[in-house]
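Worksheet: the structure to be examined is printed underneath.
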Amino acid sequence: MPIRVRFAPSPTGALHIGGARTALYSWLYARSQGGVFILRIEDTDRERSTVDSTHSILRGMEWLGLDWDEGPNIGGNYGPYYQTERLHIYKEFAEQLIKEGKAYSCFCTPEELEKKRKDAAARKEAPKYDNSCRKLSEAEIKSKLEGGISKVIRFMLPPIGETIVHDLIRGDVVFQNEVLDDFVILKSDGFPTYNFACAIDDHLMEISHVIRGDDHLSNTPRQILLFQAFGWKIPKFAHLPMILGKDKTRLSKRHGATSVIDYQAMGYLPEAVLNYIVKLGWGHGDQEIFSRQELIDKFTLKGISKNPAVFDFDKLNWLNGKYIRSILPERLVDLCEPLLIDAYGNHDINYIRKVVLAFHDRLTLIPDIVPLSRYFFTDEFEFDQAAIEKYFKSAENIQLLAILKKQLAELEPFDHSSIEAVFKGLAQELGKKLGEIIHPARLALTGTLQSPPMYDVVEILGKEKVVQRIGKAIKQCIP
Ligand code: GLU
C-alpha cells in the first residue's frame, strides 16, 4: 500500500510548536518512505475557524520548508482539501449509515441533553447520551421532521466489546465500547463532527498513516468504529507524546511558545527551529545537528519516544546560534540589513555588510545585531562603567591612548594589516602585552570590553571616527 501521510490542522489558531512537530514528523515520514504528504484543512468548526489562521498555518509550514504534495493552493487527485468544501460527501456517508441501520436521527434539544447530563451526574454515572432517539419509529421521525424539529445524526455504537488502537508508538491501547456513547456525526447545520469528517477523509484520501498528537488518542476508537461500520481498511496510527514547558505543564503561550511565524520575527532561522522541533520526541543516538537530508535519511517512527518532551528555549537559542554561524555571509547580511536600516537609518549597504560580517559568530538571534553593533552606527552608546574605572583612570593609559591616536591618525593606508602593525609595534615600543593596548582602545571605540576583533573594528569604523573617539576618551580620563 502506498505511504500517504496527512497533516490535518484545524485553522482555529496559528501553527504552534506542537502542530509544527506533528507536521514535521508526518512530512519526514512521508519523505523518508518515498510517500505522499497531504495537507488537509479541517475547518468545520464554524465559530473558531478563521482565514487568518489558515494563512498562518500555510506560512508557518512554508517557512519551515514542509512542502506538501497535495493540498491547498496546489490541489491533487483526492481533493477538495478544505473540509468545508466536502460537506456533500459527509452527508452522503451519513445517509448511507442511516440506511444500513448504523446511524439515526436524534431530535433531543440542547436543554434535554443538558438535563440528561445532570441526571446522570446525580446518579454518579458518566455523562453519556441515553440513546433515547434510537427507539423512535419511522412515523415519529417523519412527524418530527415535518414539524421542522432540528436534528443531528448519531452513530449507533456497537453494544459491547472493545476497540483496540494498535498504536505504533504506544503499542495496543484498549478502549471499552461501553464508555463511549452514540456520538454525533452530523450536526443540525449539516456540518460533520471532527471524528466523522476525519474518518471519511482519511479513507477517501487513502491515508496509510495517521500521525498526530496524543490528545487525539481518545478520539481514535470512535474513528476506528466508523471505519469498521463502513467496512474500510483502518490506517496505522502513531500518537505523539505531549510537549511540556519547563514547569512540566503542557506547553502553551505562558511558556513564551508562540506561533511558528513569530519565531521568524524573533530572529530564529527555520532550520534551527526545525532541528529543535525534531528533537522534541525523536532522536538518533546523541546526534544534535541534522541537515534536512539527514533527517529524511534517518527518521523512523520507531525513534519516537513515548515520553513527553520538554521545550527549552536555552537549547533552541544555542542551536540558533550554531546555525547562524553556519549560514552563508550573504544570507546573514540579507537578514540583518533591514533591521539595521530600520534601527539606525543608515543605508550604506557596503558599510552594513562589513559590520554584519564582523558579528557573524556572535549572534544568538538575528535581532541581536542591532544592540551589539550600536557603536558602529552612532556615537551615542553606553560605556561600561567598571571598565572605565579599570582602564581610563591611569595616567599611563592616557598616554598610551594618545600615542595610539597619533599613530593611527598618520596611518596610510588604513587597512587591517597596517592597523595590526601599529598595535603590535606600540606594544613592543612600550614593553607591554598586546592586551594592555587593546583593552583601553576597545573601550574607547566601543564602550565595552567585548567586540569583534579589534583590528576589524578599527578598520570598519575608519580613521576619522577612530581618532575622534580615542580623543574623546582621553579627554574623559581623569587619573
Ligand atoms: N484537526 C485536528 C487538530 O487540529 C487534528 C486531526 C487529526 O490529525 O486527526 O487538532
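Just so you know, all these numbers are worked out from the coordinates, no wet-lab data involved. Predicted model, so just to flag it, every value in this text is computed and none were measured. No Cβ is skipped: glycine too gets one built from the backbone with ideal geometry, and neighbour counts run over all protein chains shown.
Some points to look at:
- Global geometry of the stretch 376-455, whether rounded, prolate or oblate, following the gyration tensor of its Cα atoms and the 1.5 cut on a/c: oblate
- The mean sequence separation of alpha-carbon pairs under 8 Å and at least six residues apart, normalised by the residue count of the chain, gives a relative contact order of 13 percent.
- Relative to the longest principal axis of the Cα atoms of the chain, helix 220-230 runs at roughly 40 degrees.
- Per-residue extension of 0.36 nm, minus the Cα-Cα distance of E114 and H347, leaves a gain of 77.3 nm for this segment.
- Compared with the dominant principal axis of the Cα atoms in the chain, helix 313-326 is inclined by about 60°.
- Across the chain, the longest piece that holds none of the trypsin sites (Lys or Arg not before Pro) lying in DSSP loops with up to 14 other C-beta atoms within 10 Å covers 125-232.
- Solitary cysteines of the chain, where the nearest other Cys Cβ is not under 4.7 Å: C108, C198, C336, C477
- Here is the list for the stretch 117-191: GluC sites (Glu not before Pro) lying in DSSP coil, each with at most 16 other C-beta atoms within 10 angstrom of its C-beta, are E125.
- DSSP-defined antiparallel bridges as percent of all bridges, the chain, nearest 5: 50 percent
- Projecting the Cα atoms of I324, A358, A409 onto the dipole axis of the stretch 292-414, where Lys and Arg carry +1 and Asp and Glu carry -1 at the beta carbon, places I324 farthest toward the positive end.
- Degrees separating the helix 194-204 axis from the principal Cα axis of the chain, which is the longest one: 90 degrees
- Taking 17 Å as the cut-off, the amide N atoms of the stretch 302-320 that come nearer than this to a point 7 Å along the Cα-to-beta-carbon line of D262 belong to 311-314, 316-317.
- The overall shape of the stretch 318-443 is prolate: from the C-alpha gyration tensor, with semi-axes ordered a ≥ b ≥ c, the ratio a/c is 1.5 or greater and a/b exceeds b/c.
- For the chain: rounded, prolate or oblate by the Cα gyration tensor [a/c cutoff 1.5]: prolate
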